[in-house]
Structures are given as C-alpha cells and as structure tokens.
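Reading through the structure tokens given below for one structure.
Where a number appears in this text, it was derived from the coordinates with a stated rule and is not lab data. Small disclaimer: the values here were computed from a predicted structure and weren't measured. Glycine gets a Cβ as well: all are built from the backbone with ideal geometry, and neighbour counts include every protein chain shown.
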Amino acid sequence: MSDQPTRMPWRALLLLAGAAFATVTAELLPASLLLRLGDDLDVTPAVAGTLVGAWALTIAVVAVPLTRLTGRVPRRRLIPLVLLLLAVATAGTAIAPSYGWALTGRIVAAAAHGLFWSLLVPTVATLAPPARTGRAVSVVLAGPALAGIVGVPLGATAGAALGWRVSFAALAALLALAALAVRTLRLPDPPGSAGRQEGPDPARWAVLGVALAGGLVLTGHFLLYTYVAPLLHQFGGYDDAAVGLLLLVFGGAGVAGTAGAGALFDRFPRQALRGVCAAFAGSATSLLLLDRHLAVAVAVVAGWGLLIGLLPPVFQTHLLRIATPGREATAGAIGITVLNLGIAAGATLGGAVLDRRPAGALPVVAAVVIAVAALGLVLDRARAGRPARGVPA
C-alpha cells in the first residue's frame with residue numbers, strides 16, 4: 001500500500017486539465033467557424049458540417065481498438081505523443097489547401113483525441129489518493145468545461161478577426177505546448193496494465209450497461225442542446241438578449257457542476273450516477289416551464305447546466321470504479337465511444353422531432369430517453385452494490 005499516493009498531485013492535475021482544455025477546444029472550434037471554413041474551402045455549409053460529424057464518428061470507431069493496441073506503451077510516453085499527433089493534425093488542417101485535406105486532418109485529430117480521452121481518467125486515478133479519485137477527475141474535467149465558455153469563444157473571435165486558419169494554427173501551438181508540459185510528468189501506469197488481458201472480462205456487462213446508460217443521457221441532452229435556439233426562441237418566446245443570458249447561466253452552472261462532481265462521487269460512489277441521471281430526467285421535464293417567465297427559465301436552465309456539468313466526471317469515474325483492474329482504459333474507451341454515439345443520436349433524434357412537432361416536444365422526448373437510462377441503472381442496483389472492482393470507494 002506504500003506505493004499509493006497520499007496527497008493530491010496538483011501540478012499534474014492542472015497540466016492534464018490544460019491538455020484536456022486544448023483537446024476539447026480542438027473538438028468544438030470548427031462548429032463556431034463553419035461558415036468561414038466552408039467559404040474558404042469552397043464547399044457548402046452542409047459539407048463543411050461533416051468536419052464535425054466525422055470527428056464523432058471517428059472516435060466511435062477507433063477509440064476501443066486504439067486503446068487495446070497501445071495498451072503496453074507506458075503512459076508517460078504515450079499521452080504526450082498522442083497530444084503531439086493531435087497538434088500536428090490540427091496544424092495540417094490549418095494549412096489545408098482543400099476540403100479533403102482538412103477532413104483528413106480532422107479524422108487523424110479525432111483518432112488522437114479518442115485515445116487521449118480513453119487514457120485520461122484511468123491515468124488521473126493513479127495519481128490521486130483512492131478516496132479522492134472523484135475530486136481529481138473533476139479538477140481535470142474542469143478543462144473541458146472551460147473550453148466551452150473560454151476556449152471556443154476566444155478561438156471564434158480570433159477566427160472572425162484574423163481568419164479560421166490563424167485560430168487553428170494557434171490551437172496547434174497550444175496542443176504542442178500541452179504535449180511538452182505533460183512530457184515533464186512522471187505518469188504511472190494503472191495496476192495490471194502491463195500484463196496480458198486475455199479471456200472474457202468479468203466486468204464487461206456492468207461496463208457496457210453503465211456506458212449505455214450514459215449514452216442515453218447524452219442522447220437526451222444533445223437532443224435538447226443541439227436545438228437550444230429554437231427551444232428558447234420558438235417555445236420560450238425569448239429574444240436574442242434573453243437567450244444570451246440563459247446560455248451564460250447554462251455555461252456558468254455547468255462549470256459549478258463540474259467543480260462539485262468530485263465531492264459528490266467521493267461521498268456517494270455507488271449512488272451518484274443513478275442520482276444524477278434521475279435528476280437529469282426531472283430537469284428535462286422542467287424545461288416545459290421555459291415559457292412561463294424569464295426568472296423561471298433562468299432557474300430551470302441553471303439546473304440543466306448544473307447536471308450536464310456533474311454528469312461527465314461522475315459517469316467516467318463510475319466506469320473506472322467498476323472496471324476490471326488493468327482494463328480501465330478499455331472501459332474508458334467504451335465510455336467515450338458510447339458518448340459520441342449519444343451525441344450523434346441526440347442531434348439526429350432532435351431533428352426528427354422538430355420535423356414533426358413544435359419545439360415544445362423536445363423536453364418531453366428528452367425526458368423519456370433519459371428516464372430509460374435512469375430506470376436501467378436503478379434496476380441494476382444489485383450489480384452496482386457489489387464490491388468495487390476498480391478504484392476503492
């Protein structure tokens with residue numbers, strides 16, 4: 001037991017949070033520059049949009065195979081190399097002479113991103129004391145939360161003023177800097193990761209069940225979030241100024257949720273995910289009150305933002321906790337795969353709903369989808385109540 005950490009490794013956690021910030025900014029930035037990308041590469045906005053869709057699809061396809069393929073490479077070498085590959089691919093997109101070149105760069109970057117996120121949470125768990133794993137994960141996942149409210153707006157502003165290529169070039173430099181910074185860390189490998197992992201995984205059904213539940217919650221969330229503009233404008237009846245305020249509230253609440261997720265999981269490791277999913281279903285239902293009054297809208301949007309901030313750290317830490325020792329990265333890759341499928345499914349399902357129903361139908365459908373996930377986790381309570389296979393509670 002003497003090799004277990006006893007103190008929070010703040011330097012390592014903050015550097016990994018910075019790397020996570022850069023990778024998620026790379027993921028989200030093209031959506032905010034889509035029209036400029038399309039005009040410069042001489043393609044329609046719909047074609048340019050495949051730069052976003054291809055990212056999620058690539059991660060869904062390659063995350064698990066790449067994680068298994070690189071399972072024997074020490075993390076202290078692999079993670080910086082993955083970040084460097086992401087930097088090079090992003091730089092390749094910045095200098096792309098054609099749409100095909102840009103798409104290739106995005107596919108390579110997405111593969112690196114998927115591998116990085118499969119490794120990130122299991123690596124964080126080896127750095128922190130077992131009883132504070134949730135807090136350590138929430139510190140690192142504050143990086144992605146800030147990417148949405150700081151990194152992407154800054155990149156979009158720079159892209160509007162200087163051109164999208166400048167934004168991508170600056171992001172590539174940031175990713176390269178993150179790779180160099182992480183290379184200075186002495187990242188340990190999870191216990192058992194160097195050994196052969198042959199035969200069936202005893203935790204595979206538990207991991208797949210939890211991953212499916214997380215994917216359904218993300219489906220419900222992105223069913224709403226992808227179409228938040230018609231939801232607030234058409235159903236809520238709010239003007240641009242009010243919508244801006246509500247989105248600001250949503251982002252701030254999300255950061256607060258991420259900050260509190262670690263303490264929640266560390267205190268209630270067995271119940272946290274079920275509770276968050278159940279509350280998420282209630283929050284989606286509460287969005288039916290958006291049209292009542294701006295003050296009511298602020299309250300329900302804040303609740304929604306708080307829960308989406310809570311969900312990723314709680315979900316990923318729960319997956320880590322139930323994974324078979326030595327297979328944490330594979331469990332993380334499964335989680336990343338299912339979440340990206342959930343994002344794509346949510347956008348698709350939301351579009352289908354809007355084609356047939358008014359925007360007020362979105363919260364109802366989202367609540368049903370999320371409630372299915374919560375019910376599945378509740379019914380699986382006996383399995384979740386068994387002794388942890390991974391990180392001790």
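Before moving on, here are some points about what is shown:
- Simple rule: put +1 on each Lys or Arg Cβ and -1 on each Asp or Glu Cβ in the chain, find the dipole, and look at Gly251, Gly155, Ala22; the Cα lying farthest toward the positive end is Ala22.
- Reported to the nearest whole Å, the Cα centre-to-centre distance from segment 288-365 to segment 105-169 is 18.
- Neighbour-count ranking [beta-carbon atoms within 10 angstrom, fewest first] of Val276, Val88: Val88, Val276
- Subtracting the Cα-Cα distance of Ala242 and Arg68 from their residue separation scaled by 0.36 nm leaves 57.9 nm.
- Label assignment, semi-axes √(5λ) of the Cα gyration tensor in Å derived from the structure, set (i) 32, 27, 22; (ii) 31, 28, 19; (iii) 40, 27, 19: (ii)
- Chain lengthening between Ala263 and Leu289 when straightened (0.36 nm per residue, less Cα-Cα): 6.3 nm
- Segment Val368..Leu35, full-extension length gain: 116.5 nm, with 0.36 nm per residue of separation and the alpha-carbon distance subtracted.
- Here the Karplus relation 6.51 cos²θ - 1.76 cosθ + 1.60, evaluated at θ = phi - 60°, turns the backbone of segment 223-238 into coupling constants of 4, 7, 5, 4, 10, 5, 5, x, 4, 7, 6, 7, 7, x, x, 9 Hz, with x for every Gly and Pro.
- Interchain or long-range residues, amide H under 5 Å from Gly163's placed H: none
- Those trypsin sites (Lys or Arg not before Pro) in segment 293-383 that DSSP places in a loop and that have at most 15 other beta carbons within 10 Å: none
- Neighbour-count ranking [beta-carbon atoms within 10 angstrom, fewest first] of Glu27, Glu328: Glu27, Glu328
- Restriction of the trypsin sites (Lys or Arg not before Pro) in segment 200-287 to DSSP coil positions whose beta-carbon has at most 13 other beta-carbons within 10 angstrom yields no sites.
- Helix-only [θ]222 nm of the chain, DSSP H runs n ≥ 4, -39500 (n - 2.57) each, per residue, nearest 500: -25000 deg cm²/dmol
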